[in-house]
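The values are calculated or read from the model by the stated rules, or taken from the named source; none is laboratory data. Computed from a prediction, not measured in an experiment: that's the story for all the values here. Don't worry about glycine lacking a Cβ; one is built from the backbone with ideal geometry, like all the others, and counts go over all protein chains shown. Side chains included, ligands, DNA and RNA excluded: accessible areas come from the protein's heavy atoms. Shrake-Rupley method; radii C 1.70, N 1.55, O 1.52, S 1.80 Å.
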Amino acid sequence: QVQLVESGGGLVQAGGSLRLSCAASGSIFSISGMGWYRQAPGKQRELVATITSGGGSTNYADSVKGRFTISRDNAKNTVFLQMNSLKPEDTAVYYCRADIRKYRFSMVEEYWGQGTLVTVSS
């Protein structure tokens with residue numbers, strides 16, 4: 001069984017910073033793409049940032065460019081999201097996603113974490 005567990009959410013004032021972590025565990029042969037998504041109350045889930053397997057390529061939503069940084073530690077099967085200059089509109093539940101191959105010859109499957117709440121007060 002594969003699990004993704006997020007941590008690092010919480011309450012922060014506007015202009016502050018938070019660092020989210022997401023660790024994958026269980027039966028894992030390899031992890032390719034990883035990413036962070038968020039869902040604000042009453043809104044659809046949206047992409048925040050993605051990163052390729054080697055970390056050489058990243059992609060960000062326009063709303064977070066220049067403020068958020070995605071990174072990963074492949075030795076620990078962990079992806080991070082450093083969030084700076086937070087705004088009240090960044091308030092949402094943040095989810096991590098990982099494309100995981102459980103065994104050498106198995107298909108790549110998409111896994112999601114349970115989410116961590118980030119609240120930014122004005």
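Annotation note: Cβ proximity below 7 Å between a residue of the stretch 3-31 that is under 14 Å from LYS87 (Cα atoms) and a residue that is outside any strand (DSSP E or B) and open to solvent by 40 Å² or more (accessible area, probe 1.4 Å) (sequence gap 6+ or interchain) occurs for ALA14/LYS87; ALA14/PRO88; ALA14/SER122; GLY15/SER85; SER17/ASN84. Contact map, the stretch 80-91: first residue among the hydroxyl-bearing types (Ser, Thr, Tyr), second residue outside any helix (DSSP H, G or I) and at pLDDT 95 or above, Cβ cut-off under 6 Å, separation 6 or more or different chains; pairs are SER85/ARG67; THR91/THR119; THR91/VAL120.
Of all residues in the stretch 41-79, count the ones that are polar (S, T, N, Q), in a loop (DSSP other than H, G, I, E, B) and either farther than 19 Å from TRP112 by Cβ or touching a residue at least 40 places away in the same chain (Cβ under 8 Å) (or both). Number of matching residues: 3. Taking GLY8, is it under 19 Å from VAL120 (Cβ atoms), of a type outside the set (A, V, I, L, M, F, W, C) and surrounded by 15 or more Cβ atoms within 10 Å (Cβ to Cβ)? Answer is yes for this residue. Every condition in (1) open to solvent by less than 40 Å² (accessible area, probe 1.4 Å); (2) closer than 18 Å to VAL12 by Cα; (3) of a type outside the set (A, V, I, L, M, F, W, C) is met by PRO41 except one, and the failing one is (1).
When the criteria are applied in full, ILE100 meets the requirement of being more than 20 Å from GLY10 (Cβ to Cβ) and touching a Gly at 6+ places or on another chain (Cβ under 9 Å). Would you be able to say whether some residue in the stretch 13-23 is modelled with pLDDT under 95 and exposed (fewer than 15 other Cβ atoms within 10 Å of the Cβ)? Scanning the stretch 13-23, I find no residue that is modelled with pLDDT under 95 and exposed (fewer than 15 other Cβ atoms within 10 Å of the Cβ), so the answer is no. When restricted to residues that are open to solvent by less than 40 Å² (accessible area, probe 1.4 Å), among the hydroxyl-bearing types (Ser, Thr, Tyr), part of a strand (DSSP E or B) and more than 22 Å from GLY42 (Cβ to Cβ), the stretch 87-122 contains 0.
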